[in-house]
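Scroll down for the structure; my scribbles are underneath it.
The values are calculated or read from the model by the stated rules, or taken from the named source; none is laboratory data. The shown structure was predicted, so the numbers you read here are calculated from the model rather than taken from an experiment. Here the Cβ positions follow ideal geometry from the backbone for every residue, glycine too, while neighbour counts run over all protein chains shown. Surface areas here come from the heavy atoms of the whole protein model, side chains and all, with no ligands, DNA or RNA. Shrake-Rupley method; radii C 1.70, N 1.55, O 1.52, S 1.80 Å.
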There are 2 protein chains.
Amino acid sequence: MNIITISREFGSGGRELGKRLAELLGYDYYDKEIISIIAERHGLDEKYVEHTLSSSSWNNTTLHFRHSFSSPVYFHEPKTELLIEQKKVIDEIASQGKNFVIVGRNADILLANHNPFNIFVCADIEARIKRCKDRAEEGEKFSDKELKKNILRIDKNRKLTRYLITEKDWGMKESYHLIVNTTDWEIKKLAASLKGVVEGYFEQNENK
Amino acid sequence: MNIITISREFGSGGRELGKRLAELLGYDYYDKEIISIIAERHGLDEKYVEHTLSSSSWNNTTLHFRHSFSSPVYFHEPKTELLIEQKKVIDEIASQGKNFVIVGRNADILLANHNPFNIFVCADIEARIKRCKDRAEEGEKFSDKELKKNILRIDKNRKLTRYLITEKDWGMKESYHLIVNTTDWEIKKLAASLKGVVEGYFEQNENK
């Protein structure tokens with residue numbers, strides 16, 4: 001089974017890259033699909049699940065978080081509980097044995113025993129602001145300053161979540177096979193180029 | 001003109017990757033060739049030039065270094081003078097207008113106005129120790145501990161030199177188009193995969 005994990009800075013095009021790679025390679029693709037599964041199982045609203053998982057509302061229970069992963073004790077802190085649910089869903093997906101691409105969710109760490117190919121996607125802040133503008137829905141109007149603030153806030157939360165789950169820093173080169181700066185790239189063409197890199201990697205490491 | 005710069009952690013296979021990419025793409029290749037040019041021009045021993053450029057012997061003149069790049073004042077500190085010479089040689093190479101790969105020497109910064117494609121090559125420390133052993137000359141016997149110490153010392157000097165020349169940190173993802181961790185790769189196969197990525201990049205950015 002080949003797994004590609006994509007971690008990404010907000011607005012860097014990581015999600016599009018993951019989707020395109022999955023299409024080109026014929027792999028399954030998981031991103032918000034995981035949110036939908038959790039929401040459906042627990043009768044929750046998808047937006048609530050998504051918002052809670054990406055929020056910074058850890059309160060005081062965060063200190064217990066890593067412990068709670070391996071413990072039956074729940075602390076009734078919504079983010080903690082949802083992160084545990086998310087881990088379960090990811091493990092279930094992996095247990096199906098099919099090739100897939102997964103975006104975000106610290107899947108590089110959660111799936112480490114499956115030897116995934118780990119990509120981190122970043123871009124210069126100006127390029128990320130531009131991407132956010134390009135994909136904004138009609139009527140959505142934010143200034144560059146507001147967009148930048150939002151981008152940095154989201155990244156800060158991702159960094160914090162990663163550290164609390166994994167004790168590892170986010171976006172450090174030691175954790176990934178490849179870090180790609182998409183600033184000067186069209187994602188569609190980048191995906192086509194990276195297809196060969198990923199295939200080459202799995203070919204070399206198929207018996208590991 | 002297409003330029004590929006390769007920065008690399010010691011023992012990560014960056015030099016081999018650069019050489020193979022140059023071969024595959026039909027580009028010129030520069031690494032120790034630059035040392036030879038400097039040595040020949042100034043009647044110096046190549047080993048002396050190489051050793052001085054990679055040494056940590058900056059003494060007190062380091063504070064003047066960045067200034068001296070744009071100033072006719074020389075401080076008669078060997079490493080500083082050789083770095084200035086090295087910059088001249090690199091500028092001359094670029095002025096020829098031919099495609100090339102250059103390994104090390106902070107060429108990503110020195111050649112920034114030519115919009116090079118910048119790759120940083122890294123690997124886990126165990127993989128780097130193994131690579132050093134594999135390429136050791138006959139009779140060369142170092143323990144893993146000695147090799148590790150040596151690797152980390154060389155990287156520390158590279159980091160320091162980069163910071164003093166460029167005020168930028170070494171190996172930070174913001175500075176490169178691609179960071180590759182070679183731990184699980186055979187460099188020959190990696191080079192073949194990356195050829196397509198580099199070609200794709202230059203195709204997209206040829207008019208910039």
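Summary of values
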{"read-out": "Inter-copy label distances at A:His51 (7 Å, Cα→Cβ; nm, one decimal)", "value": "6.7"}
{"read-out": "Segment A:71-177: Rg to Rh, with Rh as the Kirkwood radius over Cα pairs", "value": "1.02"}
{"read-out": "Shielding by partners, peptide B:83-89 (average Cβ within 10 angstrom, other chains)", "value": "0"}
{"read-out": "Accessible surface, the protein assembly as shown, averaged per residue in Å² (probe 1.4 Å)", "value": "52 Å²"}
{"read-out": "Accessible area that becomes buried as A packs against B, both chains, 1.4 Å probe, Å², nearest 100", "value": "2200 Å²"}
{"read-out": "Threshold 50 Å² - residues in segment B:184-198 whose accessible area is reduced by that much or more when the chain is no longer isolated, probe 1.4 Å", "value": "B:Asp184, B:Trp185, B:Val197"}
{"read-out": "Closest Cβ on chain A to the rotation axis that carries it onto B (distance rounded to whole Å)", "value": "A:Ile179, 2"}
{"read-out": "Dipole of chain A, positive end: most advanced residue of A:Asn150, A:His42, A:Tyr29 [Cβ charges, Cα centre]", "value": "A:Asn150"}
{"read-out": "Counting all C-alpha pairs of segment A:135-205, share separated by more than 21 Å (%)", "value": "54 percent"}
{"read-out": "Fraction in percent of alpha-carbon pairs per bin - 10 Å, chain A", "value": "8, 32, 38, 19, 3, 0"}
{"read-out": "Chain B, dipole about Cα centre (Lys/Arg Cβ +1, Asp/Glu Cβ -1), debye to the nearest 20", "value": "460 debye"}
{"read-out": "With eigenvalues of the C-alpha gyration tensor scaled by 5 and rooted, the protein assembly as shown, Å", "value": "42, 24, 22"}
{"read-out": "Point-charge dipole on Cβ atoms (K/R +1, D/E -1) for the protein assembly as shown, about Cα centre, debye to 20", "value": "660 debye"}
{"read-out": "DSSP-assigned coil residues among trypsin sites (Lys or Arg not before Pro) in segment B:99-163, each with at most 10 further Cβ atoms within 10 Å", "value": "B:Lys141"}
{"read-out": "Simple label model, 7 Å out from Cα along Cβ direction - A:Asp91 to B:Ala192, nm", "value": "3.9 nm"}
{"read-out": "Hits among lysines - C-alpha to C-alpha of A:Lys168 under 21 Å, sequence gap 8 or more where chains match", "value": "A:Lys79, A:Lys87, A:Lys88, A:Lys156, A:Lys159, B:Lys173"}
{"read-out": "Dipole in debye (nearest 20) - segment B:107-208, about Cα centre, beta carbon charges: Lys, Arg +1; Asp, Glu -1", "value": "380 debye"}
{"read-out": "FRET efficiency estimate (nearest 0.05) - Cβ-Cβ, B:Glu33 to A:His42, R0 51 angstrom", "value": "0.20"}
{"read-out": "Computed E for B:Ala136/A:Glu140 - FRET, C-beta separation, R0 45 angstrom, nearest 0.05", "value": "0.15"}
{"read-out": "Distance-filtered residues of segment A:112-141 - backbone nitrogen under 18 Å, label point 7 angstrom along A:Lys149 Cα→Cβ", "value": "A:126, A:129-130, A:132-133, A:140-141"}
{"read-out": "Hull volume in cubic angstrom per residue (convex hull over the Cα atoms of segment B:102-154)", "value": "97 Å³"}
